[in-house]
Amino acid sequence: MIVLSVESSCDETSVSIVRDGKEVLSNIVLSQIDIHKAYGGVVPEIASREHIKGITMVFEEALKEANIDKTNIDLVAVTNGPGLIGSLLVGVNAAKAFAFSNDIEIIGVHHIAGHIYANQITAELEFPLICLVVSGGHTELILMKEHYDFQKLGETMDDAVGEAYDKVARTVGLGYPGGPIVDKLAQKGKPSYKMPNISLGNNYNFSFSGIKSHVINLVHNTKQRNEELVIEDLCASFQETVSEVLVTKSLKAIKEYNAKMFIIAGGVAANKGLRKKINKRITMVKVVVPEFRYCTDNAAMIGIAGYYQYLRNSSTDDMSLNGLSRMKMK
Ligand code: KG4
Ligand code: ZN
């Protein structure tokens, strides 16, 4: 089964062609990062306009690279949320137009389901599994007992982990997106700054606004006192505390639910400190991490999630992953 998929929920315009939920024939990603950098974050109106400018070219490139004729496409899958509404509209309408004009069925896919299914490119998912979702907008622990069955065990009570990374980076003046820069600097530092306890007790919920505020106050106080701030050590301290809580709660869930596999999903899955800690501490089950290029937003992950969603014919679940059920265009 050949799926053409579209992702435009934030600042990446992407179209992909995937065969049988595994083989990525093409995955074109047009990133707007350089445009939004100047503003220190994504400007929604600019993002929508850039998606409009790029989407047709990205469609054409994806079809050309996969060397696939439109008549061979069996299904169109498109991210229908969550995300920036103006950005989503561009991808959804382009996908609808393509599906309608070529008489192909179309389904809406939840963005986070896409991030989770990016792991399927690396290895066949085995159930029950625990997935740690760490993106710019989400931090969640998910239990999956079978394909396309998501049970949320816990989530952040405030900021998402990627959001906290980006805000810490902005406070220190490191640029956007901050996560990869903080990660790089953390590799060169020592976790010597004292950080607050962010464990939130013996449950599966997270909180990152406390540590974010702590870092912001620490930076301002250090500056006011004219003291030197060792940015590498600050990044290392922040990263160590954050990854420790993520791994500790993941381990608890793996044990409690007798998981066979542990996977991670979302942009922060690219974090080297987190990956290192996972490899060191999670040794009792099979660990799968997505390839770096499939960690951040891309349409291939949406095509794979769309394929499994289609097979299961699911439209609702515990995460309300499919706000938009099947859109029948015929
Ligand atoms: O999943 P994603 O592409 O977008 C959302 O769906 O939200 O994630 C983007 C987030 C940003 O906050 C970015 O700073 C973070 O992922 N990120 C990282 C790293 N690479 C991307 N955070 C920490 N370390 C990284 N290496
Ligand atoms: Zn994402």
Next item on the list: Return one whole number: the accessible area per residue of the range 124-289 in Å², for a 1.4 Å probe.
Entry: 44 Å²
Check: Normalised by the residues of the range 1-124, what does the relative contact order come to in percent, with Cα pairs under 8 Å and at least six apart?
Finding: 30 percent
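Hey, any idea what % of the chain's accessible area is carbon plus sulfur with a 1.4 Å probe? Before the final figure, lay out each step's value.
Values: 7140 of 14180 Å².
Here it works out to 50 percent.
How charged is the neighbourhood of ASN197? Take every other residue with its Cβ under 14 Å from the Cβ of ASN197, and add Lys/Arg as +1 and Asp/Glu as -1. Mind dumping the intermediate values first?
Values: positive: LYS194, LYS249; negative: GLU240, GLU244.
Net local charge, ASN197 excluded: 0.
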Item checked: Helix axis angle, 161-172 relative to the chain longest principal axis, alpha carbon, degrees -> 50 degrees
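Using DSSP to call loops (not H, G, I, E or B), can you name the GluC sites (Glu not before Pro) in the range 202-269 whose Cβ has at most 14 other Cβ atoms within 10 angstrom? It would help to have the intermediate numbers written out before the result.
Working: sites: GLU227, GLU228, GLU232, GLU240, GLU244, GLU256; in loops: GLU227, GLU228.
Answer by residue number: GLU227, GLU228.
In nm, what is the difference between 0.36 nm times the number of residues separating GLU228 and LYS188 and their Cα-Cα distance? Write out the running numbers ahead of the final one.
Values: separation 40, 0.36 × 40 = 14.40 nm, distance 1.68 nm.
Gain in length upon complete extension: 12.7 nm.
Report, in listed order, any pair from LYS22/LYS252; LYS167/LYS280; LYS252/LYS286; LYS37/LYS167 with a Cα-Cα distance greater than 19 Å. Show your work: numbers first, answer last.
Details: LYS22/LYS252 30 Å; LYS167/LYS280 28 Å; LYS252/LYS286 15 Å; LYS37/LYS167 14 Å.
LYS22/LYS252; LYS167/LYS280, as the Cα separations exceed 19 Å there.
Just order 144-151, 69-76 by mean Cβ neighbour count inside 10 Å, highest at the front, would you?
Result, highest mean first: 144-151, 69-76.
Rounded to the nearest 5, what is the percent of antiparallel bridges among the DSSP beta bridges in the chain? Walk me through the numbers before you get to the answer.
On the way: 25 of 44 bridges.
Among the beta bridges of the chain, antiparallel pairing accounts for roughly 55 percent.
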Item checked: 0 to 90° range, to nearest 10: angle between helix 231-256 axis and the chain longest Cα axis -> 60 degrees
Notebook entry, point to check: Angle between the Cα long axis of helix 85-102 and the longest principal axis of the chain, 0 to 90 degrees, nearest 10?
Noted result: 20 degrees
Margin query: Helix-only mean residue ellipticity at 222 nm, the chain, DSSP H runs n ≥ 4 weighted -39,500 (n - 2.57), per residue, nearest 500. What is it?
Written below: -14000 deg cm²/dmol
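What does the charge count near ILE28 come to, summing +1 for each Lys or Arg and -1 for each Asp or Glu among other residues with Cβ under 13 Å from its Cβ?
Numbers: positive: LYS64, ARG293; negative: GLU7, GLU12, GLU60, GLU61, GLU65, ASP297.
Here the charged neighbours net out to -4.
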Next item on the list: For the range 132-188 and the range 1-32, write down the distance between their C-alpha centroids in whole Å.
Entry: 22 Å
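Just to verify a number: FRET efficiency for MET157 and ARG281, C-beta to C-beta distance, R0 = 25 Å, to 0.05?
Details: r = 24 Å, r/R0 = 0.95.
With a Förster radius of 25 Å, E is 0.60.
Order these peptides, 16-27, 298-309, by their mean beta-carbon neighbour count within 10 angstrom, highest first. List each step's numbers first, then the result.
Values: 16-27: 19.6, 298-309: 30.0.
In descending order of packing, they fall as 298-309, 16-27.
The values are calculated or read from the model by the stated rules, or taken from the named source; none is laboratory data. Just so you know, these numbers come straight off a predicted model, no measurement behind them. All Cβ positions, even for glycine, are placed from backbone atoms using ideal geometry, and neighbour counts span all protein chains on display. To get the accessible areas, we keep the full protein, side chains included, count just its heavy atoms, and leave off ligands, DNA and RNA. Shrake-Rupley method; radii C 1.70, N 1.55, O 1.52, S 1.80 Å.
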